[in-house]
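Data first, discussion second: the structure below is written as structure tokens.
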Amino acid sequence: MMTPDQFQISPMRRLKNRAAMAVLCVLTLMALIPLIHVLHYVYRQGLPHWNLAFFTELPRPVGETGGGLGNAVVGSIALVSLAAAVGVPFGILVGIYLAEYERSRLSSLVRTTIELLSGVPSIVLGIFAYSAIVVPFGHFSMLAGSFALAVILLPVVAKTTEEVLKLIPAHIREAGLALGLPRWKVTIRIVLVAARSGITTGVALALARVAGETAPLLFTALSSQ
């Protein structure tokens, strides 16, 4: 049997541990200093110009001072709203199907399609939307841009919903079924309610992702009014 003295850490080992911690702290500071410098520069240069006019006025011609990002703000909100109106409901429905009916024959095909769709580069989806909407209508439009963003949004919401629903304990579903409720009522009134916070977080992250997409909009909503 080992004595308590044998479990004590030797002075050399403590010295090595402290030296390693010191090196890690120095490396962390070296990585953070450029980031902090950039954030400080942006904050110092940009904060004085943050006012209501900056978010509501239209951009001025090149060479003139003033103006704002009014059209960009309104356009982004409109594009993301339309994309969310299509992508979020369909994504949640697909996620519910994959989580609650994972043993069905169709679920494997749907899951494979969602996995493939989530791995397609956004610029390729933009080209697809360009071919499907812009070319037939003959002009760029917000509808085409929203369609491209909705296609990007759908697999993200579907996968998030599926993972969140799988985290719900099985006994919650079994309790609802034991009371005689149909499976669809158990899913809607019990399982979805228990998973609403996780689904909401996933939807918010998906919306944040599509709000920053640029490549698909170059082929769909470029110069649209």
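We did not get these values from a lab; they are worked out from the coordinates using the rules stated. For clarity, every value in this text was computed on a predicted model and none was experimentally measured. Note that each Cβ is placed from the backbone with ideal geometry, even for glycine, and that neighbours are counted across all protein chains shown.
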Need one word for the chain: rounded, prolate or oblate. Basis is the Cα gyration tensor (sqrt eigenvalues a ≥ b ≥ c); a/c below 1.5 gives rounded, then a/b vs b/c decides. oblate
Helix-only CD estimate at 222 nm, as mean residue ellipticity for the chain, using -39500 (n - 2.57) per DSSP H run (n ≥ 4): -22500 deg cm²/dmol
Most fluctuating of E64, E115, E162 in the GNM of the chain (C-alpha, under 10 Å) is E64
Please report, ordered by residue number, every helix of the chain (full DSSP H runs) that is 15 Å or longer along its axis going by C-alpha atoms and whose mean Kyte-Doolittle hydropathy reaches 0.5. 11-46, 70-100, 142-166, 196-211
With the dipole of the chain worked out from charges on the C-beta (+1 for Lys and Arg, -1 for Asp and Glu) around the Cα centre, which of S146, L116, G180 lies farthest toward the positive end? G180
Which distance in Å, rounded to a whole number, links the C-alpha centroids of segment 145-163 and segment 172-224? 9
Classified through the alpha carbon gyration tensor (a ≥ b ≥ c as square roots of its eigenvalues; rounded if a/c is under 1.5, else prolate when a/b is larger than b/c, else oblate), segment 1-113 comes out oblate
Based on the mean of other beta carbon atoms within 10 Å per residue, what is the order of 67-74, 29-36, 214-221, most packed first? 214-221, 67-74, 29-36
Rounded to the nearest 20 debye, dipole of the chain from Cβ charges on Lys, Arg, Asp, Glu: 660
DSSP-assigned coil residues among trypsin sites (Lys or Arg not before Pro) in segment 79-143, each with at most 12 further Cβ atoms within 10 Å: R103
Determine the shape class of segment 77-140: with a ≥ b ≥ c the square roots of the Cα gyration tensor eigenvalues, call it rounded for a/c under 1.5, and otherwise prolate if a/b is greater than b/c, oblate otherwise. prolate
